[in-house]
Amino acid sequence: MTRIIPFFFSALLLASLSACETQEAAKPSTLFAQAWNSGIDADEPAFQVQEIRADTFVLRQSLRTSFEAPFLYLLLGEDKALLIDTGVEGVDLRGEVDGLLAASGHAGMPLVVMHTHGHGDHVGGDAGFVDRPDTIVVGHTAEDVAAFFGIDQWPAHNGALDLGGRTVDVLPTPGHHASHVMVYDAATHIMFSGDAIYPGRLFFECDKAGAYATSIGRVADFSETHQIDWLLGGHVEMKAEAGQSFGQEKNSRRGEHVLELPGSAIGDVKAAFDGIGDYPRVTPFPEFMLLPHPENPAALSPPDWCKPL
């Protein structure tokens with residue numbers, strides 16, 4: 001997410017994008033009964049958990065433990081469980097996951113731990129699962145991901161994982177990160193979209209815009225033959241007010257955008273990339289923001305960081 005831009009440049013950018021700290025009330029969620037914890041309570045737990053259904057859990061790591069506040073996903077099949085992302089280090093994610101499995105009648109269930117991509121706020125809890133019995137922790141490189149999920153031509157082909165009575169599709173989506181994937185669950189018609197599509201800042205290096213756009217195009221093609229009701233991403237960074245984002249490194253917020261985006265957001269993001277023109281610019285949209293940036297920021301500044309010299 002935000003770790004890829006040096007602090008002083010990201011601080012300048014985010015100050016300019018979030019100068020108006022509006023406090024519009026959060027809109028109600030369609031999928032979740034409760035509002036997500038957003039750091040307002042200094043004593044909130046390290047994780048908040050909500051069910052989509054009895055075999056599908058969403059965990060949010062508290063803003064009080066990390067400004068990234070990532071969302072993690074636990075899917076249960078008949079034979080094994082799948083954990084998508086492990087968040088930021090320093091909290092007991094394994095205890096939380098094992099507690100959920102036990103409470104749902106699946107104590108000690110075999111577990112696959114995978115990641116939407118290899119950034120630190122998505123892999124930080126891996127160490128807690130290394131010595132867990134019957135557990136596989138998938139590596140962080142594109143080669144690791146392709147090998148585990150049987151993707152024979154990265155990124156053109158998809159992979160899959162059978163959890164027992166529940167198979168998920170794994171779609172390579174490099175652009176934000178070389179190993180980025182989305183995970184489609186036909187059982188719930190949900191695409192777990194990581195940092196490729198979410199209500200936040202869609203980061204990518206200037207010269208990766210083409211790869212990112214191609215990835216979104218493949219997801220759009222996939223959506224034509226698969227029912228995608230919702231996208232659940234890795235974070236919430238947008239406010240309830242359209243086109244407005246929160247500043248960086250704050251440990252509390254008010255008036256967040258809801259986590260879920262409708263399946264139609266795939267088309268919205270595709271259209272945003274299709275409309276880049278001669279070069280990508282920092283551009284806000286109602287529910288997300290394109291945020292291209294140079295590998296080594298120099299004389300240019302947002303929104304025209306990627307303008308050819």
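A short reminder: the numbers here are calculations on the coordinates, not readings from a lab. What you see is a predicted model, and the numbers here were worked out from it, not measured in a lab. Positions of Cβ are generated from backbone atoms using ideal geometry, with glycine treated the same way; all protein chains shown enter the neighbour counts.
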Legend entry - Among H235, G87, A54 - extreme Cα towards positive end, dipole of the chain, charges at beta-carbon: H235
Legend entry - Burial ordering of I228, I40, fewest other beta-carbon atoms within 10 Å first: I40, I228
Legend entry - Karplus 3J(HN,Hα) series, Hz, for segment 49-65 with 6.51 cos²θ - 1.76 cosθ + 1.60 (x for Gly, Pro): 10, 9, 8, 8, 7, 5, 10, 9, 10, 10, 10, 10, 6, 5, 4, 5, 9
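On average, how much area does the Cα convex hull of segment 88-245 cover when viewed from any direction, in nm²?
10.6
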Inset, instruction - Just the number, please: percent antiparallel of the DSSP beta bridges in the chain, rounded to the nearest 5. - result: 65
Legend entry - Percent of beta bridges antiparallel (DSSP, segment 128-252, rounded to nearest 5): 75
Legend entry - Candidates F47, F149, F288, ranked by Gaussian network fluctuation over the chain, Cα under 10 Å, top entry: F149
Inset, instruction - Provide the per-residue ³J(HN,Hα) series for segment 27-36, in order, calculated from phi with Karplus coefficients 6.51, -1.76, 1.60 and θ = phi - 60°, each as a whole number of Hz, with x at glycine and proline positions. - result: 7, x, 7, 7, 9, 10, 6, 10, 5, 6
Legend entry - In sequence order, calculated HN-Hα J values of segment 198-209 (Karplus, 6.51, -1.76, 1.60; Hz; x Gly/Pro): 6, x, x, 8, 8, 7, 6, 5, 3, 7, 9, 4
Legend entry - Residues whose placed amide H lies under 5 Å from that of H293, excluding near-sequence neighbours: F204, E205, C206
Legend entry - Within a Gaussian network of the chain (alpha carbon springs, distance under 10 Å), most fluctuating of S252, S104, S215: S104
Legend entry - Sequence-distant residues sharing a close amide H with H235 (under 5 Å, placed H): F71
Inset, instruction - Give me the lysines in straight-line cross-link reach of K27: C-alpha distance below 18 Å, same-chain residues under 8 apart excluded. - result: K239
Inset, instruction - At a Cα cut-off below 19 Å, give the lysines reachable from K270, other chains included and same-chain residues fewer than 8 away excluded. - result: K208
Legend entry - GNM top mover of P199, P70, P286 - the chain, alpha-carbon springs below 10 Å: P286
Legend entry - Convex hull volume of segment 138-191 per residue (C-alpha atoms, cubic angstrom): 75
Inset, instruction - Once you have a ≥ b ≥ c as the square roots of the Cα gyration tensor eigenvalues for segment 191-277, tell me rounded if a/c is under 1.5, and otherwise prolate or oblate according to whether a/b is larger than b/c. - result: oblate
Inset, instruction - Sketch the reach of a paramagnetic label on A54 as a point 7 Å from Cα along Cα-to-Cβ, and name the residues of segment 97-114 whose backbone nitrogen lies under 12 Å away. - result: 104-106
Inset, instruction - Assuming R0 = 51 Å, can you tell me the calculated FRET efficiency for the pair C206 and A102, based on Cβ-Cβ distance, to the nearest 0.05? - result: 0.60
